1. Looking at the range 31-114, I'd like the Rg to Rh ratio, where Rg is from alpha-carbon atoms and Rh is Kirkwood's inverse mean 1/r.
2. What order, most packed first, do the peptides 134-141, 98-105 have when packing is the mean number of other Cβ atoms within 10 Å of each residue?
3. Peptides 32-38, 222-228: what's the order by average Cβ count within 10 Å, highest mean first?
4. Over the chain, what is the percentage of antiparallel beta bridges among all DSSP beta bridges, to the nearest 5?
5. Pairing the Cα long axis of helix 141-152 with the longest principal axis of the chain, what angle in degrees results, from 0 to 90 and rounded to the nearest 10?
6. Residue separation times 0.36 nm, minus the C-alpha to C-alpha distance between HIS68 and GLN98: what's the value?
7. Rounded to the nearest 5, what % of the DSSP beta bridges within the range 139-283 are antiparallel ones?
8. From the P(r) of the range 141-267, could you give the percentage of C-alpha pairs in the tail past 18 Å?
Amino acid sequence: MPQNKKIIDGRAVASEIRLKLKDKIAQLSGRRPGLAFILIGNDEASKAYVRMKKKGCEEVGITSHVLHLSEKISERELLAEIDHLNSSENIDGILVQQPLPKQIHTDKIVEAIDPKKDVDGFHPLNIGKLLLGHTDGLVPCTPLGIIKLLRAYKIQTDGKEVVIVGRSNIVGKPLAALLCQKQPWANSTVTLAHSHTENLAEVTKRADILITALGSPGSITAGMVKDGAVVIDVGINRTMNTLIGDVAFAEVIEKASLITPVPGGVGPMTIAMLLSNTLKAFS
């Protein structure tokens with residue numbers, strides 16, 4: 001664990017989850033869970049993310065396959081590849097690494113994946129189940145990872161005011177849906193703020209738990225944070241050769257009771273939840 005007791009150690013929590021997954025998978029008889037990655041083009045960031053996810057699979061015993069396709073692939077050809085993976089008995093999860101080339105409609109690709117193999121949790125059927133409070137669907141990895149992180153640190157959410165800054169379909173919206181659930185690990189009053197929110201600082205200063213997923217480096221400053229708030233930074237911004245979050249960490253840590261670092265906070269949890277979703281899809 002980091003020496004500063006205010007820092008939430010996502011790496012340590014993710015490591016514990018991976019060890020439990022590894023034990024569960026080792027006890028399986030027959031084949032292991034299978035996860036297929038579809039990587040299109042040669043974007044270095046996308047290739048790096050797939051490498052990290054594949055390494056995670058290897059650590060816990062998930063069989064992974066990378067289908068590396070040309071950036072010039074047509075939408076029809078990509079849909080045919082997905083259809084093949086949907087029908088494969090050895091593939092339990094399918095992940096199409098985003099962003100996709102401009103000739104590909106992302107929504108159409110997401111909807112083409114079998115919802116039972118949608119380990120990203122982006123399919124409309126899985127999002128619908130999340131909104132309805134059903135537990136048999138697959139939940140988006142980053143929001144699920146944040147919930148697990150809050151629970152691991154025994155952070156009270158019941159009745160607390162949560163402000164999420166960022167309304168993406170990947171983080172903001174599904175996380176708001178999770179935190180509104182009638183569950184002891186949720187039951188929060190959630191405000192979903194965004195780029196059009198007036199007087200944003202006044203809104204964020206109300207938060208007992210402030211979660212930011214803006215993709216704007218250092219945009220959340222100490223003046224926007226209530227004393228003693230828990231701050232969860234989902235932002236990953238590359239500046240020069242360094243990764244930084246949305247939060248001006250050095251100043252905000254002085255006001256926060258707990259805070260996630262970047263890197264080493266939410267990121268490791270996202271990959272851990274991908275592995276967890278793959279085992280759930282297998283089961």
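1. Ratio value, two decimals: 0.96.
2. 134-141, 98-105
3. Highest mean packing first, the order is 32-38, 222-228.
4. 10
5. Computed tilt is about 50 degrees.
6. Gain in length upon complete extension: 9.5 nm.
7. Of the beta bridges lying entirely in the range 139-283, close to 15 percent run antiparallel.
8. The proportion of pairs with Cα distances above 18 Å equals 46 percent.
None of the figures in this text is laboratory data; all of them are computed from the coordinates on show. Just so it is clear, the model here is predicted, and its values are computed rather than measured. A quick note on method: Cβ atoms are made from the backbone with ideal geometry, for glycine too, and the neighbour counts reach across all protein chains shown.
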